[in-house]
Number of protein chains: 2
Amino acid sequence: MIIDKDNGFEIIIGKNKLLSHSKENPSIFLGYGKEKIDMYRGNFDINDYLESRIPLRNFNIAGNIISFYEDGKTILKMEIKDNEITFENYSNYNRFWIRLNATKNEDIYGCGEQFSYFNLRGKIFPLWTSEPGVGRNKKTYITWLADVEGKAGGDYYTTNFPQSAFLSSNMYYCIVDSSVYMKFDFSHVDFHEIEVWDIPKRISFITGENYLEIISKFNKYMGIQPKLPEWILDGLILGVQGGLEEVNKKLEKLSEVKINALWVQDWVGKKITSFGKRLFWDWKVNEKYYPNLKEYIEELNKRNIRFLGYINPYLIREGELFKEADKKGYFVKNKKGDTYLIDFGEFYCGTIDLTNEKAFNWYKEVIKKNMIDLGFSGWMADFGEYLPIDCVLENGDPKEMHNMWPVLWAKLNYEAVKESGKLGEIVFFMRAGFNGIQKYTTLMWAGDQLVDWSEDDGIPSVVKSFLSSAISGIGYTHCDLGGYTSLFEVKRSKELMKRWIELSAFSPVMRSHEGNRPDDNIQVYSDEELIEYLKKMTEIHSYLKDYLLYYIDEYQEKGIPLIRPLMLHYNVNSDKEYLLGRDLLICPVLKENTKNMEVLLPEDEWINLWTKEKYNGGKYVVNSEIIPVFYRASSKFKELFDNL
Amino acid sequence: MIIDKDNGFEIIIGKNKLLSHSKENPSIFLGYGKEKIDMYRGNFDINDYLESRIPLRNFNIAGNIISFYEDGKTILKMEIKDNEITFENYSNYNRFWIRLNATKNEDIYGCGEQFSYFNLRGKIFPLWTSEPGVGRNKKTYITWLADVEGKAGGDYYTTNFPQSAFLSSNMYYCIVDSSVYMKFDFSHVDFHEIEVWDIPKRISFITGENYLEIISKFNKYMGIQPKLPEWILDGLILGVQGGLEEVNKKLEKLSEVKINALWVQDWVGKKITSFGKRLFWDWKVNEKYYPNLKEYIEELNKRNIRFLGYINPYLIREGELFKEADKKGYFVKNKKGDTYLIDFGEFYCGTIDLTNEKAFNWYKEVIKKNMIDLGFSGWMADFGEYLPIDCVLENGDPKEMHNMWPVLWAKLNYEAVKESGKLGEIVFFMRAGFNGIQKYTTLMWAGDQLVDWSEDDGIPSVVKSFLSSAISGIGYTHCDLGGYTSLFEVKRSKELMKRWIELSAFSPVMRSHEGNRPDDNIQVYSDEELIEYLKKMTEIHSYLKDYLLYYIDEYQEKGIPLIRPLMLHYNVNSDKEYLLGRDLLICPVLKENTKNMEVLLPEDEWINLWTKEKYNGGKYVVNSEIIPVFYRASSKFKELFDNL
């Protein structure tokens, strides 16, 4: 609703006066900038030379439409309809800023998957899908080293899955309909400023009485993920590799552990780089390491074990599929019209042009033929963040398509699965995302953690990823059990591995990862103690199957995510705890050597899952030799929990 | 000269079309910004929230005056007279940008004392006097450590002595008359952009046929330094401390070395901090360590050895002078009206308000009474960079006075010396500076190098400091022989010490420094080999006295600095070599373990000072076990050099 004021106007959305504009204090600006966006292995250097930034002081209001003009000419029209503001651009400007009113104690969440902060207030968040970074904190030595050695350190905001949408504690969700580079600035006292490197089509708002209502509406608005299959709740997805013989050996070692699937990344063969063992990105079975894979999978299936693989939207120059795609002109091109080769760290690849319908369909067939037909029950659908802006696409501007790439990549996987009639059975999991990924991706995972305890890139960042994903429309997510990146002197400790086993057991999906340097790091199958702990935790995870199924149905119907920040149900908040479903409160152990820890219990009646002690809301120091977990005394699953 | 064009105008200065402005491509912008400038121990965090940046598309030309207007109202007037553009502001804007035309192969020098780059083209240079930084390169480990431990790492542009003036290879010097925060951006292909956080009063240009002519004019324009006394050329200024007994012991050790002065920083007593030994900033002799100092100095003088001390514009809270100044209200205040205490690293000080005439005069008397009357022949006039912008001054806005502080500090020292009738006899030396420092400061020094070989903060940065200072109006500069900062694991090596002895010998003034951690580092008096080398090099330095005196006179008369970049006399350039006077080419050894090195000899006839071998212009690999030095065969001092 527009309120016409002397010399200005206000826009009311729901209960909030979100925009206050006047000649003296304009809240909308247009300008012109020249960006420089360089990429090195998925890490971006982004700079803008800002030539102008013009406050739109002059305007007319006619009904729902506000026209802004400069030198007597209309440069921007803005239409307000219900909870939506649409824009029409009549200028040559390519930068847009809008300020929304902020209040003093307001909290902000969302912006996609965030690893360093859950509450975003006080910070600026650039939105550009990229490598998440190694260390992600300029004050840590690892980050500095990664920056110096490969521009790879990242920062508090670097993420595979940004999203131009945020939730305010003033009870609205704001969604900016654009996919160019954006910057959401929550650092000011009395306004939030949204910067868009283009004029956005639309800004939409979702309002409601409380967080739960808003999140439910928002998740439906963004799209509900395809339903997670039952089999994935029943045991552990074991990440192993090294050829059939090796895989069987590891499986044998874990014969006591309930395993629902093998996840075998190197089904395509390997390439050794200084970073670690990398896969040979030519998506067809490597007969040397995995002879008669189809038959092997069939036998596994008989034992109720599925087989998962790995793929991404790139093809290695030395592979056979590259040759075919290159010949057909299916790759993203450089300005000269040649295939744009991207450096992935000691090897070069072509990027399938997902805006080219023929290429898109061809790649779908690769998945169907080389993976689904072989009996795969899923795969990691990795990457999607590396589209450079100086490329040439079949359709569209790379500056707009960069952020959309993960969505196209998800859509491709989704269609391959759907067209094979396997939706709800096959699960592919992604780390990259952007607005709209939700309706396509069957499962997300929290990207590549460092195998340490660091706040911004170690195990604590998983919890923030879970929480921010939940606010960002993701119903189903999980993480690499054990973390991923081992670089420089950073190696997994046994203690960290145990904490990661617990954390994964109390998450929607358990999947172990050997990491980038399997031989240098401890593995879930390394010793008896770990195997025993994994067995126990996998049993507990499987025991929760009916409980999780109930909340999977609730997500499908109402859009309420499996992992829930406390704020969805209580008047408190935390970036260290979460609810799994409605009734389980998970307090993961995120620090080394923690025998006891303080937990925050929201106002309710809680029962300690391990000791069956009863608690009311409040802060308590509890034993944390095993991960502290509580269930609601009033849960309809109380008996299930009581009997654990 | 203004050339009126259809839809625009051009401004010609000398032979250059320096400004091209049109409605479509404006070159002048005004805007509004809100800065945030935080200081931690002399290191500044500077951020600007830019609200607007308006291209000044609309203008009228009337004679020499161009008026720019917005919404029909004049907001800026610009008058062009000879080589000067003056501005009159009629708006509330507080940001100003002007673009000067750039050419493709243009080189840029100046911007005060620069340690990382001599040629500034391709980079952006913020101009704000500050600590120079430890490491000064975000890619080095030392810089990272210094940043993490104390925000002290600095960057390629951090300097004690910025100056809002630059020299273009298109044969003009551009001087921006302002002292607020500025940013000179030489990173664009076809323009240089000057950003000023205020509307500047004036931009002046100095043009000429060649560099020498322009530098000569520029140096006279900025002011000529008071003449360096003869005594300073005759031997070494020995930096020692630790009380009279200790000082005498060190002097004894160096009895074979020609010493012209003792520089005793700790005449005021000491304070131990984690950084190292710091001085007790209460500017009066410490009778315990230096009993009967006046008599001691008189005796030294009889032996032709002078005595130099140390002072800065701050007073330690625990000292007696602080009490007096505090009572008299002579300190810079905070917003509450109390004395603004500045953290200097584990101790707090008041800043003498140099804009308060009474305070200024009182501090001058402190220098006269406590230093000059005692027989001091000079001192380090340290610091000047720490004025925070949230303080309250007797006169003036801290945002304008921050950069001017070093100039006021120089003026105070200058007046104290002048009023004592000792100009040309007493020498004080400064590291901090800004536009206008030249006419006051008797000698500059190159700030606090790390005691290592690093490009941005080690011995190589001295040469860039020498070169950039020479371009920036400084006739007399020198450096800490041995460097200053020893932190973390960085310690002086004997080899580095020898290289620094050589470098100092072939600079205007030789002065040794024990560094911030004297006990942990090798000293010039540490062993026989170093003493022998110091003796030899001091003799050579003293031998050059007549030669240097000749060029001191030339500087006083023509404004040509003692240290000269090759470009002043030749059609080549280097940031690793310099001329000392007209005829000596110095090629300092800036890398470890360099037995031979390549030198660049400009087109001329050169004679190797050590071997007497003759060379024409070109690149040669020469023996560098001793610093390579060449003299011109045509020098009027040839005989002097021949006989060395």
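Here are the numbers for the structure shown:
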item: Hey, residue A:579 of a type outside the set (Val, Ile, Thr) and in a strand (DSSP E or B) or not; result: yes
item: Positions within region A:37-63 being more than 10 Å from chain B (Cβ to nearest Cβ) and surrounded by fewer than 19 Cβ atoms within 10 Å (Cβ to Cβ), in sequence order; result: A:37, A:38, A:40, A:41, A:45, A:46, A:48, A:60, A:61, A:62, A:63
item: Identity of the residue in region B:208-239, of a type in the set (Asp, Glu) and touching a residue at least 60 places away in the same chain (Cβ under 8 Å), that ends up least open to solvent (accessible area, probe 1.4 Å); result: B:234
item: Residue in region A:185-192 that is closer than 25 Å to residue B:146 by Cβ, within 11 Å of chain B (Cβ to nearest Cβ) and under 21 Å from the mean Cα position of the chain (by Cα) present; result: no
item: All positions within region A:64-76 that are touching an Asp or Glu at 6+ places or on another chain (Cβ under 7 Å) and either within 14 Å of chain B (Cβ to nearest Cβ) or open to solvent by 70 Å² or more (accessible area, probe 1.4 Å) (or both); result: A:64
item: Qualifying position, being open to solvent by 10 Å² or more (accessible area, probe 1.4 Å), more than 30 Å from residue B:423 (Cβ to Cβ) and in contact with a helix residue (DSSP H, G or I) (Cβ under 6 Å, 6 or more places away or on another chain), among B:558, B:494, B:498, B:545; result: B:498
item: Which numbered condition residue B:314 fails, given (1) of a type in the set (Ser, Thr, Tyr); (2) open to solvent by less than 10 Å² (accessible area, probe 1.4 Å); (3) within 24 Å of residue B:520 (Cα to Cα); result: (3)
item: Criterion (without any contact (Cβ under 8 Å) to a residue 40 or more places away in the chain, in a loop (DSSP other than H, G, I, E, B) and either buried (at least 17 other Cβ atoms within 10 Å of the Cβ) or under 20 Å from the mean Cα position of the chain (by Cα) (or both)) met by exactly one of B:483, B:515; result: B:483
item: Only listed residue being surrounded by fewer than 22 Cβ atoms within 10 Å (Cβ to Cβ) and in contact with a Gly (Cβ under 7 Å, 6 or more places away or on another chain), chosen from A:613, A:603; result: A:603
item: Any pair with Cβ under 6 angstrom, 6 or more apart, that starts in region B:241-258 at a residue that is assigned by TED's automatic domain parsing to the domain that holds residue B:276 and ends at one that is open to solvent by 60 Å² or more (accessible area, probe 1.4 Å); result: B:243/B:289
item: Scan of region A:352-395 for residues that are surrounded by 18 or more Cβ atoms within 10 Å (Cβ to Cβ) and free of Cβ contacts under 8 Å to residues at least 40 places away in the same chain, ordered by number; result: A:352, A:356, A:359
item: Any chance residue B:620 is in a helix (DSSP H, G or I) and either open to solvent by less than 40 Å² (accessible area, probe 1.4 Å) or closer than 29 Å to residue B:482 by Cα (or both); result: no
item: Selected residue [open to solvent by 10 Å² or more (accessible area, probe 1.4 Å) and not assigned by TED's automatic domain parsing to the domain that holds residue A:616] from A:552, A:563, A:540; result: A:540
item: Among the residues listed as B:535, B:591, the single one being assigned to a loop (DSSP other than H, G, I, E, B), within 30 Å of the chain's Cα centre (by Cα) and touching a residue at least 24 places away in the same chain (Cβ under 8 Å); result: B:591
item: Strands (runs of 3 or more DSSP E) completely within region A:139-257 that count 3 or more residues being closer than 28 Å to residue A:102 by Cβ; result: A:162-168, A:172-177, A:182-185, A:191-196, A:202-207
item: Residue match in region B:135-154 (condition: at pLDDT below 95, out of contact with any Cys (no Cβ under 8 Å at 6 or more places or on another chain), farther than 23 Å from residue B:438 by Cβ and surrounded by fewer than 20 Cβ atoms within 10 Å (Cβ to Cβ)); result: yes
item: Those residues of region B:608-644 which are of a type in the set (A, V, I, L, M) and under 14 Å from residue B:544 (Cα atoms), in sequence order; result: B:609, B:629, B:640, B:644
item: Unmet criterion (only one of (1) at pLDDT 95 or above; (2) surrounded by 18 or more Cβ atoms within 10 Å (Cβ to Cβ)) for residue A:278; result: (1)
item: Check on residue B:524, more than 24 Å from the chain's Cα centre (by Cα), among the β-branched types (Val, Ile, Thr) and surrounded by 18 or more Cβ atoms within 10 Å (Cβ to Cβ); result: yes
item: Residue, surrounded by the fewest Cβ atoms within 10 Å (Cβ to Cβ), within region A:421-439, restricted to residues that are more than 14 Å from residue A:163 (Cβ to Cβ) and of a type in the set (Phe, Trp, Tyr); result: A:429
item: Residue satisfying condition, being of a type outside the set (Gly, Ala, Ser) and in contact (Cβ under 8 Å) with a residue 40 or more places away in the chain, within set A:286, A:301; result: A:301
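To keep it simple, each residue is scored yes or no on (1) within 14 Å of chain B (Cβ to nearest Cβ); (2) without any contact (Cβ under 8 Å) to a residue 60 or more places away in the chain; (3) of a type in the set (Asp, Glu).
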site	(1), (2), (3)
A:95	yes, no, no
A:109	no, no, no
A:123	yes, no, no
A:147	yes, yes, yes
A:173	no, no, no
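The values are calculated or read from the model by the stated rules, or taken from the named source; none is laboratory data. For clarity, every value in this text was computed on a predicted model and none was experimentally measured. Reconstructed Cβ throughout: ideal geometry from the backbone, glycine too, with neighbour counts over all protein chains shown. When the accessible area is computed, the model is the full protein with side chains, heavy atoms only, and any ligands, DNA or RNA have been set aside. Shrake-Rupley method; radii C 1.70, N 1.55, O 1.52, S 1.80 Å.
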